[in-house]
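The values are calculated or read from the model by the stated rules, or taken from the named source; none is laboratory data. No experiment lies behind these values; they were computed from the predicted model shown. All Cβ positions, glycine included, derive from the backbone under ideal geometry; neighbour counts span all protein chains shown. To get the accessible areas, we keep the full protein, side chains included, count just its heavy atoms, and leave off ligands, DNA and RNA. Shrake-Rupley method; radii C 1.70, N 1.55, O 1.52, S 1.80 Å.
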Amino acid sequence: MAEAPKKPAAAGGRAGTKKELPEHFKDYKHVWVFIEQERGVVHPVSWELLGAGRDLANKLGVDLAAVVLGAPGGGVKEAAAEASCYGADLAYIVESDVLTDYRNEPYARAMTELVNTYKPEILLLGATTLGRDLAGAVATTLLTGLTADSTALDVDTDGSLAATRPTFGGSLLCTIYTLNYRPQMATVRPRVMSMPDRVERPLGRLIEHTFTMVEDDVVTKVLSFIADRESDKSSLAYADVVVAGGLGLGSPENFQLVRQLASVLGAEYGCSRPVVQKGWLPAERQIGQTGKTIRPRLYIAAGISGAIQHRVGVEGADLIVAINTDKNAPIFDFAHVGLVTDAVRLLPALTEAFRKRLSASTSERIAS
């Protein structure tokens, strides 16, 4: 007797995956945002994530909580109070001497203790050097999923976190779900999400968690703290005006034209990924998915084609001015103003025109 033909395999992807949340995860509720702060200074990405977390919490009908770790008297309670002004309903804090400076072991243990005790369904962290290190350790310890460098966050019809990020070198966007585990974790880079409005609000509920880890339990030791010598300089990610160049400028020498225009405008300067790959500029100047994400008021892109990897890093800009000789360049699909011309010829003319019209004080106000 002939065998009955086998049924075709179920379709892959989200549509072919059944969500079966284990019973012990069903009481995981609320959205948490890790407030990254060192020596009393909060990283702005934390406020940006509270804005995104507020949207998710509203859709789910749950609370938004801030999580702050640090030393006693090290600005923990102040950061928690400030978090309420950016939308947090409550704050979980852990104060301990072993949390004075960031070390993976005590921070990861404190965070996993909080998660196991208070059970959030979503945990968001900034994709900074500190945030990436902490997120990976926490997700591994909790045996849950982590979507890194997300560019968009939403909730599906069944309440699952939908975290979107570029893949295949930035050529595609994919949406990732953590269906059967909790918490659902994601990291988001600075400037990907818009900064929410700050509204003066009293501090909501404050939950203080006792952490029993002591210094002898920690393998790594902090010998000294050396402040970043570049910390007083303007950050490309937080600049109000950015001028950037691509391979269309033709040579590394022509990047002086980008720097000159940036100087006149009081702006930061950057470049596309191929420029860094050529060695024309250092990686710290790269804009895009694998470089810096920016949200300036004005972005001038000279000789940049505008592939999706670059688009992801700049599409939050208020005004994008693109200069390119190729009228079919992808950047014209999302630029607000497009100029089909040779950037090498136009940039000096723009620089001179701005120099004549802008005084030192007005150039500082150009982004206002």
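Return the distance in nm (one decimal) between the two label points of a simple spin-label model at Ala71 and Asp333, each offset 7 Å from Cα along Cα→Cβ.
Spacing of the two 7 Å Cα→Cβ label points: 5.1 nm.
Name the residue farthest towards the positive end of the dipole of the chain from the options Trp280, Ala163, Pro202, assuming +1 on Cβ of Lys and Arg, -1 on Cβ of Asp and Glu, about the Cα centre.
Positive-end residue among those listed: Trp280.
Go through Val192, Leu124, Leu346 and say which Cα lies farthest out towards the positive end of the charge dipole of the chain; charges sit on Cβ, +1 for Lys and Arg, -1 for Asp and Glu.
Farthest along the dipole direction, towards plus: Leu346.
What FRET efficiency do you get for Leu206 and Leu179 if R0 is 35 Å and r is their Cβ-Cβ distance, rounded to the nearest 0.05?
On the way: r = 33 Å, r/R0 = 0.94.
Using R0 = 35 Å, I get an efficiency of 0.60.
Roll a 1.4 Å probe over the protein chains and send me the accessible area per residue for the chain in Å². Before the final figure, lay out each step's value.
Numbers: 18210 Å² over 368 residues.
It amounts to 49 Å² per residue over the chain.
So for the chain, Kirkwood radius off the Cα pairs, Stokes-Einstein at 10 °C and 1.306 mPa s: how many µm² s⁻¹?
The calculation lands on 70 µm²/s.
Would you calculate a helix-derived [θ] at 222 nm for the chain, using -39,500 (n - 2.57) for each DSSP H run of n ≥ 4 and dividing by the full residue count, to the nearest 500? List each step's numbers first, then the result.
Numbers: 9 runs with 100 residues, N = 368.
Helices in the chain give a 222 nm mean residue ellipticity of -8500 deg cm²/dmol.
Starting from the coordinates of the alpha-carbon atoms of the stretch 80-173, obtain the Kirkwood hydrodynamic radius over all distinct pairs and give the value in Å to one decimal.
Numbers: mean 1/r = 0.0658 Å⁻¹.
Computed over Cα pairs of the stretch 80-173, the Kirkwood hydrodynamic radius comes out at 15.2 Å.
Run the simple label-point estimate for Val340 and Asp318 please: 7 Å along Cα→C-beta, distance reported in nm.
Distance between the two pseudo-spin positions: 3.0 nm.
Calculate the dipole size of the chain relative to its Cα centre from +1 charges on Lys and Arg beta carbons and -1 charges on Asp and Glu beta carbons; express the result in debye to the nearest 20. Could the numbers behind the result be given before it?
Values: 39 positive and 43 negative charges, 252 e Å.
Dipole magnitude for the chain comes out near 1220 debye.
How big, on average over all directions, is the shadow cast by the Cα convex hull of the stretch 269-315, in nm²?
Details: hull surface 12.0 nm².
With every direction weighted equally, the projected area is 3.0 nm².
Could you tell me which residue out of Val214, Ala152, Leu90 lies farthest along the dipole of the stretch 20-217 toward its positive end? Charges go on the beta carbon: Lys and Arg +1, Asp and Glu -1, centred on the Cα centre.
Farthest along the dipole direction, towards plus: Ala152.
Over the chain, what relative contact order in percent results from Cα pairs under 8 Å that are six or more residues apart?
Numbers: 740 pairs, mean separation 50.0, N = 368.
Result for the chain is 14 percent.
Where does the Debye-calculated log10 I(q)/I(0) of the stretch 20-217 sit at q = 0.16 Å⁻¹, using only Cα point scatterers of equal weight, no solvent?
Log10 of I(q)/I(0), two decimals: -0.98.
Can you give me the P(r) profile for the stretch 231-367? Cα pairs, bins 10 angstrom wide beginning at 0, each as a whole percent.
14, 48, 34, 4, 0
Can you grab the distance from the C-alpha centre of the stretch 263-337 to the C-alpha centre of the stretch 36-98, Å, no decimals?
32
For the chain, with all protein chains present and a 1.4 Å probe, just round the carbon and sulfur fraction of the accessible area to a whole percent.
Details: 9300 of 18210 Å².
Taking all protein chains in place, the chain shows 51 percent carbon and sulfur surface.
Run the Debye formula on the Cα coordinates of the stretch 32-149, all scatterers equal and no solvent, and tell me log10 I(q)/I(0) at q = 0.14, 0.15, 0.16, 0.17 1/Å.
The Cα Debye sum returns log10 ratios of -0.51, -0.59, -0.68, -0.78.
Label Leu172 and Ala353 with points 7 Å out from Cα along Cα→Cβ: what is the distance between them in nm?
4.2
How high is the relative contact order of the stretch 20-217, given as a whole-number percent (alpha carbon pairs under 8 Å, six or more residues apart)?
Values: 426 pairs, mean separation 55.3, N = 198.
The value is 28 percent.
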